[in-house]
1. Give the accessible surface of segment 83-165 per residue, rounded to a whole number of Å², with probe radius 1.4 Å and ligands, DNA and RNA excluded.
2. Treating only the Cα positions of segment 52-103 as identical point scatterers, give the base-10 log of I(q)/I(0) from the Debye formula at each q in 0.18 Å⁻¹.
3. Would you kindly give the portion of the calculated P(r) for segment 1-119 that falls above 22 Å, as a percent of all Cα pairs?
4. Along each principal axis of its Cα atoms, how long is segment 112-215 end to end? Whole angstroms, biggest number first, please.
5. Which value in Å is the Kirkwood Rh of the chain over different Cα pairs?
6. Given a cut-off of 23 Å, name the pairs among LYS135/LYS187; LYS21/LYS74; LYS106/LYS209; LYS62/LYS106; LYS78/LYS209; LYS13/LYS209 whose C-alpha atoms lie farther apart than that in the structure shown.
7. Could you list the trypsin sites (Lys or Arg not before Pro) in segment 15-101 that lie in coil according to DSSP, counting only those with at most 15 other Cβ atoms within 10 Å of their Cβ?
8. Loop only by DSSP, 15 or fewer other Cβ within 10 Å of the Cβ. Give me the GluC sites (Glu not before Pro) in segment 152-191 that pass, ordered by residue number.
Amino acid sequence: MNIIFMGPPAAGKGTYASLMKEEFEIPHISTGDLFRAIASKNDPLAVEIKSYIDNGLLVPDKLTIKLVIDRLGKADCKNGFILDGFPRTLNQAIELNRTLNDLGKKIDKVILLDVSFDLICKRITGRRTCENCAKVYNIYTMPSAKGDICEECGAKLYQRKDDNEESIKVRYQTYLDQTTEAVNYYKAQNILVNINGEDSTQNVFQSIKDALKGE
Ligand code: ADP
Ligand code: ZN
């Protein structure tokens, strides 16, 4: 099963992609996590990537597409994968399609998480991320039972530098301007499923699983 999670920033893509990974035992590929790992290093590429992320801008397509193509070629993607945060532009979607065609694969379903801008703003300020395993918490709605320590791996939680109100406005506008086209691309292929992302985590996850049934 090859799945894509789409939706505005903080819609819950990462949260549901990790839950799916547990249940279906297929890798969760988050371009945001991959880029943050690159940005934490100490080289010129890290400096470049960090400046895009910190300013709420998209990393250029060429770099992004190469990163994902390399990742999809790894052995663990054999039985399926979950893409989170990719594609974010029409060009990325087309290039992904081309790569999968070459590999004799296809996308089965695209889950679009609908969440209002108001709720996104509330979620962004409460979001905390594990610096080691990238698990996502929210201090208001999904706190770690261990405070500012990750329940899974014991590492420290931090607030992403781009998780502030200024950056979220830019990122949301980028989503409307550039990602909508990619969403429409999948809609035209009849593989897009809209899910209300404002319900409880349990209910949203159930709706996602219902939508994937029969695949
Ligand atoms: P969110 O959880 O808010 O949706 P992500 O963690 O997915 O954010 O992404 C963080 C940042 O990483 C983006 O703002 C962007 O700079 C970069 N990024 C992630 N995915 C892509 C992509 N597909 N294309 C370009 N840039 C990306
Ligand atoms: Zn962790």
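The values are calculated or read from the model by the stated rules, or taken from the named source; none is laboratory data. Predicted, not measured: the structure shown is a model, and the values here were computed from it. Here Cβ is always computed from backbone atoms with ideal geometry, including for glycine, and neighbour counts include all displayed protein chains. The protein model used for the area step is the full one, side chains on, heavy atoms only, and it has no ligands, DNA or RNA in it. Shrake-Rupley method; radii C 1.70, N 1.55, O 1.52, S 1.80 Å.
1. Values: 4290 Å² over 83 residues.
Here the per-residue accessible area is 52 Å².
2. -0.60
3. On the way: 2402 of 7021 pairs.
Roughly 34 percent, rounded to a whole number.
4. Its Cα atoms span 43, 35, 23 Å along the three principal axes.
5. Over the chain, the inverse of the mean reciprocal pair distance is 17.7 Å.
6. Checking Cα-Cα distances, LYS135/LYS187 exceed 23 Å.
7. LYS41, LYS74, LYS78
8. Here the sparse-neighbourhood loop sites are GLU152.
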